Amino acid sequence: MKPIRIAHIGLNRYSHSHEVFYTMTQHPELYEIVGYAVVEDERETCADKLKHFEGYPELTLKEILNDPTIEAVTVETDEIHLTKYAQMAVDAGKHIHMEKPGSQNLADFERLIESAKAGGKTFHIGYMYRYNPLISRAIERAKNGEFGTIYSVEAHMSRLDKKTTREWFESFKGGMMFYLGCHLVDLVLQIQGMPTNVIPLNTATGLDGVDTEDLGFAVLQYPHGVSVIRMGGTEVGGFARRQLVICGSKRTLEIKPLERGTEEKYMLTAAQTERYLDGDGHTQKAVTDVGPFQRYEAMMYAFAQMVRGEKTNPYTLDYELQLYKLILACCGM
């Protein structure tokens, strides 16, 4: 089968545009990269990332959108511009892989989803833990009832950011919750569904004189308990403490760290500890390590399968809209 003709739109300062592009360059059997477009002020704000496009032609946005031979695009701008450029691509009849989660205007995102439904093309969003092998398996098991009644999910995702990064959080309401917390909201929603109530408690640490919401916290209430989503940009050693804990009446599962880097470029590992009751009511323990895996390889391979009609996107457009609304609620909007 011929490779998918694809173009790349935009760069982002603090997300994964260059990793997505790099992954496509490693799979010429899947993607024929026609070129890329730099939009907004990215030539200045993302000057250090332009090197990742070396060897590929720079195109204008119009050239990409008006070329009927370009089947798909990756939309990788900063968050505040995502919905705008994804809408342009939908209107141009392209298959879309978009960075998470979209801009913060609900009406615009609803229009994007409705347009994607009407267009019938693949619309795929890059939430980074959807293709983590331990996490995807845990979610599958939770849906199958292996944990019994799930009464709590705890999701943590912190790191230590520079002052300039935390100042950038003022670009959107919710700060760290919108930027990183969206990945965790996705996991809790998949495991437990929509909560009965959301209590956002995002705040500013005030460290280094930064007054953005760099400490994210939300409580999600459910009929059988509460779940907690927490992330921060000021935590020393925060990356190593990223974790997902699922507590059910039959099992408790902890994935920690969610990912761990390796010496090989972009390759990761992960580990989990599971505690469960045996037939005699005694607590047993099992430890699992997995890896190495490349986060974006599975993601972009799945996208190619969806574009080719070989795979149905398990994340429906209705789910993506529901998730988006829940993210905004966790951001206090």
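The values are calculated or read from the model by the stated rules, or taken from the named source; none is laboratory data. If you're wondering where the values come from, they're calculated on a predicted model, not measured in any experiment. Note that we place each Cβ from the backbone using ideal geometry, even for glycine, and neighbour counts take in every protein chain shown. Heavy atoms of the whole protein, side chains included, go into the accessibility calculation; ligands, DNA and RNA do not. Shrake-Rupley method; radii C 1.70, N 1.55, O 1.52, S 1.80 Å.
Miscellaneous remarks
- Contact map, the stretch 1-16: first residue in contact (Cβ under 8 Å) with a residue 12 or more places away in the chain, second residue open to solvent by 40 Å² or more (accessible area, probe 1.4 Å), Cβ cut-off under 6 Å, separation 6 or more or different chains; pairs are Pro3/Glu32; Ile4/Glu71; Arg5/Glu32; Arg5/Thr69; Arg5/Glu71; Arg13/Thr45.
- Just one of the listed residues (Lys62, Lys94) is among the basic types (Lys, Arg) and under 29 Å from Glu310 (Cβ atoms), namely Lys94.
- Test: residue in the stretch 31-50 that is within 19 Å of Tyr85 (Cβ to Cβ), in contact with a His (Cβ under 8 Å, 6 or more places away or on another chain) and open to solvent by 70 Å² or more (accessible area, probe 1.4 Å): yes
- Any chance Met194 is under 21 Å from Met128 (Cβ atoms), in contact with a helix residue (DSSP H, G or I) (Cβ under 8 Å, 6 or more places away or on another chain) and modelled with pLDDT of 95 or more: no
- For the stretch 297-320, a residue qualifies if it is within 18 Å of Pro3 (Cα to Cα) and in contact (Cβ under 8 Å) with a residue 60 or more places away in the chain, and the qualifying residues are Glu297, Ala298, Met299, Met300, Tyr301, Ala302, Phe303, Ala304, Met306, Val307, Arg308.
- In summary, strands (runs of 3 or more DSSP E) completely within the stretch 58-133 and bearing 2 or more residues that are closer than 18 Å to Cys182 by Cα and either in contact with a strand residue (DSSP E or B) (Cβ under 9 Å, 6 or more places away or on another chain) or in contact (Cβ under 8 Å) with a residue 12 or more places away in the chain (or both) occur at 95-98, 123-125.
- Entirely in the stretch 191-305, the strands (runs of 3 or more DSSP E) that have 1 or more residues that are of a type outside the set (Gly, Ala, Ser) and open to solvent by 40 Å² or more (accessible area, probe 1.4 Å): 197-200, 215-222, 225-232, 251-255, 267-277, 283-294
- Top-ranked residue in the stretch 116-173 [being open to solvent by 30 Å² or more (accessible area, probe 1.4 Å) and of a type in the set (Ser, Thr, Tyr); ranked as nearest to Asp278 (Cα to Cα)]: Thr149
- Filtered residue count, the stretch 306-333, keeping only those that are open to solvent by less than 30 Å² (accessible area, probe 1.4 Å) and among the acidic types (Asp, Glu): 1
- Some residue of the stretch 147-167 being closer than 27 Å to Glu71 by Cβ, without any contact (Cβ under 8 Å) to a residue 60 or more places away in the chain and in a loop (DSSP other than H, G, I, E, B): no
- Selection status of Ala72, at pLDDT 95 or above, surrounded by 13 or more Cβ atoms within 10 Å (Cβ to Cβ) and under 18 Å from the mean Cα position of the chain (by Cα): no
- Test: residue in the stretch 83-100 that is out of contact with any His (no Cβ under 8 Å at 6 or more places or on another chain) and within 25 Å of Asp214 (Cα to Cα): yes
- Where a residue in the stretch 241-269 is in contact (Cβ under 8 Å) with a residue 24 or more places away in the chain and its partner, wherever it lies, is in a loop (DSSP other than H, G, I, E, B) and of a type in the set (A, V, I, L, M), with Cβ under 6 Å and at least six apart: Arg242/Met157; Arg242/Leu258
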